[in-house]
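Working notes for the structure below.
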Protein chains: 2
Amino acid sequence: MGRNKAFNRDQAVDSVMHLIWSQGYQNCSVKAVSEMLGITRSSFYHSFGSMESLFIEVLKRYYIHSPFCAFDQINEQSDILKEICTVFQNICVARVTDKEAKGCLMINSIIELVGSNDILSPPLSSSVDAVLTRFKRLLNAANMHGNFSDNDIDQKALALLNLLIGINVSGKFIKDYEQLWSSTRLSLQSLGVYNTDYNMT
Amino acid sequence: MGRNKAFNRDQAVDSVMHLIWSQGYQNCSVKAVSEMLGITRSSFYHSFGSMESLFIEVLKRYYIHSPFCAFDQINEQSDILKEICTVFQNICVARVTDKEAKGCLMINSIIELVGSNDILSPPLSSSVDAVLTRFKRLLNAANMHGNFSDNDIDQKALALLNLLIGINVSGKFIKDYEQLWSSTRLSLQSLGVYNTDYNMT
DNA sequence: CAAGTAATGTACACATGTGTACAATATATG
DNA sequence: CATATATTGTACACATGTGTACATTACTTG
């Protein structure tokens, strides 16, 4: 019942995602976003409530397209370590390919907002916490012979997260795939995740 | 000759540094900064020209207090690898200690500005490039027996930079020193930089 | 087709922000 | 102490930004 929306919500969230991704959250005003969507601020508030709540919606949508998400789809019956390496490699490709050098929306937002925005810090922190938990689970599953203690795995999971963050930021100024991937591969190999047999170039 | 400044320039740059550090560059308006300094915008433009040029001044000042700077002060006659580890350890302490979770101004700014701000991207990119060059130099100097090729060293230098970036961002949500440092130590150890003999806790 | 309702638009009343021209002020040096 | 000059303040003319109250639209269901 009632009037139809003048815009497609999914499409709107998607374009707002790209705007925030390339300009940063703080740089996206309700005015600018509304104008981009072709609606009035009044409609904006009516439909989305606030920028904060829209951003939380954006974050959920982003996650589906994010580097992080690929880790969720790794089949635990497969060669887990190799799959992890493949995801890292894909991230290198994505970062080097993006001419806008946008980096990763989630990581960008963490740096921009965690510690200063009380509403958005919790969802951002918990997103990244989920990735850490995911890494732990994958490393545990790959730990066939139980060679590593829980402590080892926790440390290694955080080391992988640090690497993930690092390459997403380095990709902003290192635009040579070979350079980015070979150092990522070295890190993965050092941590015992990459195996030279994988032969990934 | 002429009238005296109503403020101390060094002190002003320092407080602007802290403001940008905690709120981000884009969130610091000329209006807000001028009011903080107790001067009019007119005086601001007269003294600093623009926010961009002030920020470049801030960056130079920050570098002196930055984690990066410590790498410049490593004596190449000493145990270079151990010194590198000590700097990384100090960064872990600094990040965990900071209750504001500000992270590293330089890394924050890179994420915020590289790719979108044409004036500030170059100085930011070259700052981080200097760190990378520094890592290469240190690793070369530590490469006593010439075991590693130039290629190896380039990859390892970038791996160290990725790690540096990673912990500076992770420090935003990981507030437990033991957790942050032990995983950093693991990464350093994997890369052959940390040696268990160092016995750092 | 009428009525209820959801979405949209208009308008208000501010606050914040930019950059500059011109006037006022203070100070060091001749 | 007068003057040149660096610094500061005032005022303008905008642009952008926020959030809401109230009126207006258009659509759907009974």
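The values are calculated or read from the model by the stated rules, or taken from the named source; none is laboratory data. Model, not experiment: these values are computed from the prediction. Please note: Cβ atoms are built from the backbone with ideal geometry, for glycine as well, and neighbour counts cover all protein chains shown. All accessible areas refer to the heavy atoms of the entire protein, side chains included, with ligands and DNA or RNA removed. Shrake-Rupley method; radii C 1.70, N 1.55, O 1.52, S 1.80 Å.
At the residue level, A:Ser22 shows approximately 40 square angstrom of accessible surface with a 1.4 angstrom probe and all protein chains present.
Exposed loop sites are taken as trypsin sites (Lys or Arg not before Pro) in a DSSP loop (any state but H, G, I, E or B) with at most 12 other beta carbon atoms within 10 Å; the longest stretch of chain B without one runs B:100-201. Axis angle, to the nearest 10 degrees, between helix B:177-190 and the longest C-alpha principal axis of chain B: 50 degrees.
Principal-axis analysis of the Cα atoms of chain A puts helix A:9-23 at an angle of about 70° to the longest axis.
Taking amide H positions as modeled 1.01 Å from N, with prolines and chain starts lacking one, no residue 5 or more places away or on another chain lies under 5 Å from B:Ala101. Sorted shortest first, the separations between the B:Ala6 label point and its copies elsewhere in the assembly read 4.6 nm; each point sits 7 Å from Cα along the Cα-to-Cβ line.
The residues of segment B:9-61 expose on average 50 square angstrom of accessible surface per residue, using a 1.4 Å probe on protein heavy atoms. Note on chain B: Cα convex hull, mean projected area over all directions, 13.6 nm². Calculated mean residue ellipticity at 222 nm for the protein assembly as shown: -21500 deg cm²/dmol, from DSSP H runs with n ≥ 4 weighted as -39500 (n - 2.57), summed, divided by the residue count and rounded to 500.
One chain, two ends: A:His145 and A:Lys99. Fully extended at 0.36 nm per residue, the span grows by 12.2 nm beyond their Cα-Cα distance. Accessible surface of chain A, 1.4 Å probe: 47 percent of it comes from carbon and sulfur atoms. Interface between chains A and B: roughly 3100 Å² of accessible area buried, both sides summed (probe 1.4 Å, protein heavy atoms only).
Between the exposed loop cleavage positions of chain B, defined as GluC sites (Glu not before Pro) in a non-H, G, I, E, B DSSP state with at most 15 neighbouring beta-carbon atoms within 10 angstrom, the longest gap is B:101-201. Distances between copies at B:Ser47, taken between label points 7 Å from Cα along the C-beta direction, are 4.5 nm in increasing order. Between the alpha-carbon centres of segment B:131-183 and segment A:96-134 there is a gap of 22 Å. In degrees from 0 to 90, rounded to the nearest 10, what is the angle of the helix A:80-97 Cα long axis to the longest principal axis of chain A? Long axis of A:80-97 versus the principal axis of chain A: about 50 degrees. Note on chain A: GNM, Cα springs under 10 Å; of A:Phe55, A:Phe135, A:Phe148, the largest mean-square fluctuation is that of A:Phe148.
Its Cα gyration tensor gives segment A:5-68 an equivalent ellipsoid; the semi-axes, largest first and in whole Å, are 19, 13, 10. In this structure, the pairs whose alpha-carbon distance is over 28 Å, taken from A:Lys31/A:Lys102; A:Lys60/B:Lys60; A:Lys5/A:Lys172; A:Lys82/A:Lys172; A:Lys136/A:Lys175; B:Lys5/B:Lys102, are A:Lys60/B:Lys60; A:Lys5/A:Lys172; A:Lys136/A:Lys175; B:Lys5/B:Lys102. A point 7 Å from Cα along Cα→Cβ stands in for B:Asp129, and the other copies hold the same point at 4.0 nm, listed in rising order.
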